[in-house]
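Participant: Below is one structure. I have some questions about it.
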Amino acid sequence: MRPALLVTRRIYPEAVEYLRRHAEVDYAGTDDVLSPEQLLERARGKQAIVCQLTDKFPAEVIERLEGVRVLANVAVGYDNIDLAAATRKGILVTNTPEVLTETTADFAFALLLAAARRVVEGHLFVHSGQWRRWAIDLLVGQDVHHRTLGIFGMGRIGQAVARRARGFSMRVLYHDVHRAPAPLEAELELEFCTKERLLEESDFISLHVPLTESTRRLIGAAELRRMKRTAVLVNTSRGPVVDEAALAEALARGVIAAAGLDVFEREPEVHPRLLELPNVVLAPHIASASVETRRKMSLMAAENAITALEGRRPPNLVNVELWTGG
Ligand code: GLV
């Protein structure tokens, strides 16, 4: 009998075609977000779920999943899934690393440049007919080249951002729970430092940590106060890594100069004060959103799900400790 699989929300059609060649697929093809009860209802009788970061799998939901062998997340981050609960229940969890690394790093840099050089303010200024003449200090921003970039999290995406920074002749500081291997530090000219030093010395700070209990609110009021008044904060990781209310307050009071944000604490809600500030560039969680990358992410999740259903180790297994197969 062919296995049964649920795709919770719309993905690229190539991935759906691939899945249909291997399984009975329950696919509504909409962007509706399923409630926990709807998710459990649709998961009934399925052996695999291709899910997205909007699908929440806390322990209470995972414990009620019957017969599901794999949760294939269409994202590199998997904080929407209680990994420990999935592992306890013997459910494989997979993600989509690597394919989105360069695309996400591009976008982190886009936000950095946009916030530093006031690109969105400039656009709105022209668009609203306010532009009368060239002026010496019209929308003056901050130089990016030859400045110091501080990167929290020197994983794949952090490294890709550091590579871009070299093209801008930037000095790169980083902080991580694990120090990068010496050859990588040498190649990218990275300087490992404490969290405090990174906050104090960086002109730009970009966040590339996964959301875990130890990174939740990594940046709060105290950290913002430690930054330069001219600092620009960029977040393309996960919203709860930053205390959004504290950031809005810091931006409004000039504690730091600007921010570029792709992720928020309660997406799609954005702290109302952030919506009123000119010195923040906002994006709707699109850092990995290039056509090619989103297509690859869809296919990768589909392959992870089918590989698991076929009893083979999925290429992007997260809870590797569950793997006992050949
Ligand atoms: C997107 O945020 C992802 O984790 O892939």
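Taken together, the values in this text are just the output of simple stated rules run on the coordinates, not laboratory data. All of these numbers come straight from a predicted model, not from anything done at the bench. No Cβ is skipped: glycine too gets one built from the backbone with ideal geometry, and neighbour counts run over all protein chains shown.
Participant: Tell me the angle of helix 156-167 to the major Cα principal axis of the chain, expressed in degrees between 0 and 90 and rounded to the nearest ten.
Facilitator: With both axes taken from Cα atoms, the answer is about 30 degrees.
Participant: Of the listed peptides 131-140, 144-153, what is their order by residue-averaged count of other C-beta atoms within 10 Å, with the highest listed first?
Facilitator: Details: 131-140: 8.3, 144-153: 20.4.
Top to bottom by mean Cβ count within 10 Å: 144-153, 131-140.
Participant: Rounded to two decimal places and with Rh computed the Kirkwood way over Cα pairs, what is Rg over Rh for the range 101-282? Show your work: numbers first, answer last.
Facilitator: Values: Rg = 16.0 Å, Rh = 16.5 Å.
Radius of gyration relative to Kirkwood radius: 0.97.
Participant: Next question, about the same structure. Does the chain come out rounded, prolate or oblate by the C-alpha gyration tensor, with a ≥ b ≥ c the root eigenvalues, rounded set by a/c under 1.5 and, if not, prolate when a/b is larger than b/c and oblate if not? Display every interim value, and only then the final one.
Facilitator: On the way: a/c = 2.12, a/b = 1.75, b/c = 1.21.
Prolate is the answer for the chain, as a/c is 1.5 or above and a/b outweighs b/c.
Participant: Here is a follow-up. Hey, got the dipole for the chain? About the Cα centre, +1 on K and R Cβ, -1 on D and E Cβ, debye to the nearest 20? The partial results should precede the final answer.
Facilitator: Numbers: 41 positive and 43 negative charges, 65 e Å.
Value, rounded to 20: 300 debye.
Participant: In addition: In terms of modelled amide H atoms, which long-range or inter-chain residues lie less than 5 Å from the amide H of residue 57?
Facilitator: The answer is 81, 82.
Participant: Now, a different point. Quick one: what does P(r) look like for the range 236-279 with 10 Å bins over all Cα pairs, in whole %?
Facilitator: 30, 62, 9
Participant: Given the Cα-Cα distance of residue 30 and residue 230 and 0.36 nm per residue of separation, how much length would full extension add, in nm?
Facilitator: Working: separation 200, 0.36 × 200 = 72.00 nm, distance 4.30 nm.
Additional length available on full extension: 67.7 nm.
Participant: Going by average Cβ density within 10 Å per residue, which order do the peptides 91-98, 299-306 take, highest to lowest? Numbers along the way, then the final one.
Facilitator: On the way: 91-98: 22.5, 299-306: 25.2.
Result, highest mean Cβ count within 10 Å first: 299-306, 91-98.
Participant: Also: Counting other Cβ atoms within 10 Å of each Cβ, which GluC sites (Glu not before Pro) in the range 1-92 have at most 13 and sit in a DSSP loop?
Facilitator: Numbers: sites: 14, 17, 24, 37, 41, 60, 63, 66; in loops: 66.
Hits after loop and neighbour filter: 66.
Participant: Taking the beta-carbon count within 10 Å as an exposure proxy, list 297, 170 from fewest neighbours to most. Intermediate results must be reported in sequence, preceding the final value.
Facilitator: On the way: 297 26, 170 21.
Exposure proxy ranking, most exposed first: 170, 297.
Participant: What distance in nm lies between label points placed 7 Å from Cα along the C-beta direction at residue 178 and residue 125?
Facilitator: Reported label-point gap for residue 178 and residue 125 is 4.5 nm.
Participant: Just to verify a number: FRET efficiency for residue 197 and residue 98, C-beta to C-beta distance, R0 = 22 Å, to 0.05?
Facilitator: My answer for the efficiency is 0.15.
Participant: So for the pair residue 163, residue 14, with labels modelled 7 Å out along Cα→Cβ, what separation do we get in nm?
Facilitator: Here the modelled spin labels are 2.1 nm apart.
Participant: Determine the principal axes of the Cα atoms in the range 1-101, then give the extent along each, sorted from largest to smallest and rounded to whole angstroms.
Facilitator: Here the Cα extents, ordered largest to smallest, are 36, 32, 25 Å.
Participant: If you line up the long axis of helix 244-253 against the longest principal axis of the chain, both from Cα atoms, how many degrees apart are they, to the nearest 10?
Facilitator: It works out to around 10 degrees.
Participant: Output the 0 to 90 degree angle, nearest 10, between the alpha-carbon long axis of helix 13-22 and the longest principal axis computed from the alpha carbons of the chain.
Facilitator: The two axes meet at around 20 degrees.
Participant: As a test of the formula, what do you get for the chain when each DSSP H run with n ≥ 4 contributes -39,500 (n - 2.57) and the sum is divided by the residue count, at 222 nm and rounded to the nearest 500 deg cm²/dmol? Write out the running numbers ahead of the final one.
Facilitator: Details: 13 runs with 121 residues, N = 326.
Value at 222 nm, helices only, nearest 500: -10500 deg cm²/dmol.
Participant: Within 10 Å, count the other beta carbons around each residue, average over each peptide in 239-250, 177-188, and list them highest first.
Facilitator: Values: 239-250: 20.5, 177-188: 12.6.
In descending order of packing, they fall as 239-250, 177-188.
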